[in-house]
1. Looking at 395, 405, which is the one that is assigned by TED's automatic domain parsing to the domain that holds residue 202 and crowded, with 24+ Cβ neighbours inside 10 Å?
2. Would you check which residues across region 4-17 are surrounded by 23 or more Cβ atoms within 10 Å (Cβ to Cβ) and within 17 Å of residue 187 (Cβ to Cβ) and list them?
3. Within region 405-424, which residues are closer than 15 Å to residue 469 by Cβ and part of a helix (DSSP H, G or I)?
4. Restricting to region 190-218, and then to whatever is assigned to a loop (DSSP other than H, G, I, E, B) and without any contact (Cβ under 8 Å) to a residue 40 or more places away in the chain, can you tell me which residue is nearest to residue 400 (Cα to Cα)?
5. Among residues belonging to region 248-290 that are part of a helix (DSSP H, G or I) and in contact (Cβ under 8 Å) with a residue 40 or more places away in the chain, point out the one that is farthest from residue 416 (Cα to Cα).
6. Output the residues belonging to region 242-277 that are buried (at least 19 other Cβ atoms within 10 Å of the Cβ) and in contact with a strand residue (DSSP E or B) (Cβ under 6 Å, 6 or more places away or on another chain).
7. Looking at the structure I just gave you, is residue 300 within 12 Å of the chain's Cα centre (by Cα), assigned to a helix (DSSP H, G or I) and touching a residue at least 40 places away in the same chain (Cβ under 8 Å)?
């Protein structure tokens with residue numbers, strides 16, 4: 001196990017992890033690595049951006065083009081604020097130029113002409129390694145090439161370059177691995193994870209924490225106690241950003257950006273819920289879960305600050321089910337802030353452990369396997385996390401994750417107008433309630449189940465391979481073509 005919770009759950013901006021966060025990271029990496037030499041940067045007179053496959057097909061609606069421009073200026077999706085996004089994009093539009101690596105150079109970076117209209121889109125060209133591909137190349141005044149690299153946005157904000165894969169002589173998934181990192185409980189399959197739980201007597205969350213401590217100490221040193229304290233603080237930061245994301249959406253009225261004119265519903269729903277259920281009783285749990293999922297994804301659709309969980313398109317599911325865990329779980333009604341934080345940490349660690357399985361064995365990219373890889377994976381992760389905090393055994397946790405994915409198999413990615421709005425927002429709410437039901441079903445059993453989580457993950461991967469490309473985030477099939485945009 002080399003994938004950390006902080007690889008899977010990252011702070012970024014909406015509306016898409018693979019089409020917004022990933023391309024921004026790729027562009028930032030290009031200027032920080034390929035143009036790191038000040039003498040090379042000073043010679044750059046032009047830059048070409050080529051987008052392929054799904055990035056080209058739905059990039060405009062997903063904010064890919066503007067994300068690349070921000071990344072080329074050196075902005076980090078994890079720290080940039082929505083107001084800064086608006087300010088920089090307005091300045092670029094006004095001037096027709098960008099400032100290469102401005103975030104890394106006190107002198108202001110290298111200003112060159114570049115607009116979204118200059119990007120070259122190749123939606124029908126699919127690169128061998130991944131459909132989400134982009135090429136960046138810089139030239140001098142004579143037209144000579146100074147730097148060039150191909151990047152792949154492989155889902156959840158993960159980015160790898162062609163150089164990464166070539167250097168390791170590996171597939172993109174294998175190129176993620178860090179062979180020098182040793183963890184006490186290595187796993188890439190659910191079978192291995194369950195074996196560790198049985199042998200150690202630890203729940204899934206503690207197995208994940210033990211591995212996180214090892215990863216932390218390899219990279220930062222320190223004691224076991226220091227490592228766990230810092231990891232816990234970072235996990236709680238993710239939880240805080242999820243809460244802030246939801247709260248921001250509850251105060252924003254009007255319509256979401258884009259041509260669909262989708263009205264924000266979260267503020268009205270919230271007001272109605274406080275009227276209908278001021279005591280937040282268990283009878284209304286589903287309405288509250290729906291509201292949280294809806295709010296988070298409305299914020300994502302408007303380019304707000306979210307946590308990829310494990311993707312932006314599925315960002316509302318884990319916060320919504322986490323809301324259930326911290327408000328309707330055992331003792332939640334009288335739990336203090338510290339108790340709720342403990343619940344949130346165990347919930348997110350367990351969810352991340354299951355997320356590792358999807359990233360290792362299949363994909364969390366809608367452009368690669370359809371929405372089953374995004375919403376399905378998130379629903380499965382959330383079901384596992386909830387099952388553990390509700391008292392489930394490791395085998396019940398695995399069962400919950402399996403149930404949730406089993407009933408998301410075949411889910412297509414067909415956003416209307418390429419916007420992460422319809423059906424994406426409501427789809428998060430539906431998947432969140434599926435996750436709650438999956439956890440509760442698993443808790444009714446003893447953990448014994450006929451279909452393993454590994455079998456379902458492999459089935460999801462194979463289903464994605466067989467799925468027509470028009471249903472994989474290309475806006476060429478399904479609702480994307482059968483519903484009139486405006």
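The values are calculated or read from the model by the stated rules, or taken from the named source; none is laboratory data. All of these numbers come straight from a predicted model, not from anything done at the bench. Glycine also receives a Cβ, built like all others from the backbone with ideal geometry; neighbour counts cover every protein chain displayed.
1. Just a single option satisfies the conditions, and that option is 405.
2. 5, 8
3. Matches in region 405-424: 418 only.
4. 202
5. Here the residue is 282.
6. Passing the criteria: 242, 245.
7. In short, yes.
Every residue, every condition in (1) in contact with a helix residue (DSSP H, G or I) (Cβ under 9 Å, 6 or more places away or on another chain); (2) in contact (Cβ under 8 Å) with a residue 24 or more places away in the chain, yes or no:
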site	(1), (2)
32	no, yes
45	no, yes
52	no, yes
57	yes, yes
61	yes, yes
69	yes, yes
77	yes, yes
85	yes, yes
108	no, no
